[in-house]
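Accompanying notes for the structure given below.
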Amino acid sequence: MSRVFVFLAALQLIVCGAYSQPKVDVDAQLKLAMQQYELMLAEHPDTKKFPQSIWPDGSLRDMSSDWWTSGFFGATLWYLHRYSNDPKWKDAAQKWTMAVEKEQYNTTTHDLGFMVFYPFANGYYQTGDENYKKILLQGANSLSTRFDPARGVIKSWDKFQNFEYPVIVDNLMNLDYLTWATRVSGDKKYRNIAIKHADVTLKNHFRPDHSSYHVVCYGPNGEVEARKTHQGAADESAWARGQAWAVYGYTMMYRETKKKRYLKKAQAIADFLLSHPNLPSDKIPWWDFSRPGEERDASAGAIISSALFELSDYTKGKKKKTYFGAAEDMLVSLSSDAYRTKLGEIHNFMLKHSTGHKPGNSEIDVPLIYADYYYVEALLRYKAKNEKKKISFFHQQP
Ligand code: GLY
């Protein structure tokens, strides 16, 4: 009997030991990432041309600062600085952060979370530069001009088909910019907008199975005029990156408010994704859940991985392990040769096999700058968990 007990105890030790061993060599991946982004910097001498992706002929696709992804490069450089503490990354991050400075006044887009909050708040967190704070608060004001109290949501685009007030699920990603602005300024208006937008989106943007529509078009009194897609396969399909924004968005809104309804929504979306029969065994989604066998979207995989690491922190019991395990599996896949580029490959992006806008015949099976950003964020979150460190991220400051 006691021998059986000893055997079982030893077995448990082996199994638990194996379970707690990191499955991704984060330091090796970040070392490669730094080598790649050094080359990426050398390929980008002009701070008016932001790395975005590649064109179908394989040449580099750069964008200007008013494109929605302009903040990701600077924000990733800040993450590399945070990891390495090497001043060369700080210099590069400062340069590429200030390159989007003028977007603080941009009132024609809802994407100021990605464009302004990510680089400037990441930099403010690491340097305390008061100029960054000033720019951030101006940007939060610009974003707030797109909120309409009658509808209770921030307008995404100024027009979509015949609709005057389209809101896309991606818009959730701007909300921690607004909760941050309230914490820093003391003005409650930003946080109130964030909560209202999250609540109206929760009511109108989801199907009974917790999958998300891409675009909801609102009438003047907040009535839903149409539910559509722009980047997904069909109005009624689940576009992979839209689901990724949704699970990340409600996880972050739970972090920011501690309101249980956001946690429940984030968990329900995660459960939808992870139990979907079309989720591939490597857990990197097809670009749309209704299109198995077509292209993958590694950007969706990176966003979901990062979100699930955070969601596992807020979840108890069996599901905690499920979310952590899925996030880890995704990170293992992304770090494998199947998705991870080699040094010098594909213009020095870190990940391949993302899909930007398939119905628009644009950015299909390519690297995307934001896939790299969320990949690095997921690596840093995974590293902190493995080292049992409670590290906070720039979103959580001050
Ligand atoms: N926010 C645009 C996209 O996810 O493609």
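The values are calculated or read from the model by the stated rules, or taken from the named source; none is laboratory data. A quick note: this is a predicted structure, and the numbers were derived from the prediction, not measured. So basically every Cβ, Gly included, is an ideal-geometry build from the backbone, and we count neighbours across all protein chains shown. Please note that ligands, DNA and RNA were not included when accessible areas were found on the heavy atoms of the full protein model with its side chains. Shrake-Rupley method; radii C 1.70, N 1.55, O 1.52, S 1.80 Å.
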Descending accessible area (1.4 Å probe), largest on the left, turns ASP158, ASP199 into ASP158, ASP199
Among MET252, MET40, TYR370, the residue whose Cα sits farthest towards the positive end of the charge dipole of the chain, when +1 is placed on the Cβ of each Lys and Arg and -1 on the Cβ of each Asp and Glu, is MET252
Rounded to the nearest 10 Å², the accessible area of THR145 using a 1.4 Å probe with every protein chain kept is 90 Å²
For the chain, the dipole about the Cα centre with charges only on Cβ (Lys and Arg +1, Asp and Glu -1), to the nearest 20 debye, works out at 1820 debye
Rounded to one decimal in nm, the spacing of the 7 Å Cα→Cβ label points at SER281 and LYS188 is 5.4 nm
Extension length gain for ASP86 and TRP55 (0.36 nm per residue less Cα distance), in nm, is 7.9 nm
Computed over the chain, the relative contact order (Cα-Cα under 8 Å, seq sep at least six) in percent reads 15 percent
In debye to the nearest 20, the charge dipole size for the stretch 28-71, taken about the Cα centre with +1 at each Lys and Arg Cβ and -1 at each Asp and Glu Cβ, equals 120 debye
Of the listed pairs LYS90/LYS283; LYS342/LYS390; LYS102/LYS342; LYS49/LYS90, those with alpha carbons more than 25 Å apart are LYS90/LYS283; LYS342/LYS390; LYS102/LYS342
Regression test value, accessible area per residue of the stretch 222-369, probe 1.4 Å, units Å², expected 35 Å²
Over the chain, the sum of -39500 (n - 2.57) across DSSP H runs of at least four, divided by residue number and rounded to 500 deg cm²/dmol, gives at 222 nm -16000 deg cm²/dmol
Heavy-atom accessible area of TRP157, protein chains in place, probe 1.4 angstrom, given in Å² to nearest 10, is 60 Å²
Phi angles of the stretch 37-45, converted by Karplus (6.51 cos²θ - 1.76 cosθ + 1.60, θ = phi - 60°) into ³J(HN,Hα) in whole Hz with x for Gly and Pro, give 6, 5, 5, 4, 5, 5, 7, 10, x
For the stretch 206-329, the percent of accessible surface on carbon and sulfur atoms (probe 1.4 angstrom, ligands and nucleic acids excluded) is 50 percent
Contact order relative to length for the stretch 241-398, counting C-alpha pairs under 8 Å separated by 6 or more residues, stands in percent at 21 percent
Regression test value, accessible area per residue of the stretch 13-160, probe 1.4 Å, units Å², expected 44 Å²
Computed for the stretch 130-182: size of charge dipole around the Cα centre, +1 on C-beta of each Lys and Arg, -1 on C-beta of each Asp and Glu, debye to nearest 20, value 100 debye
With LYS188 itself left out, Lys, Arg at +1 and Asp, Glu at -1 over residues whose Cβ is under 14 Å from its Cβ give +2
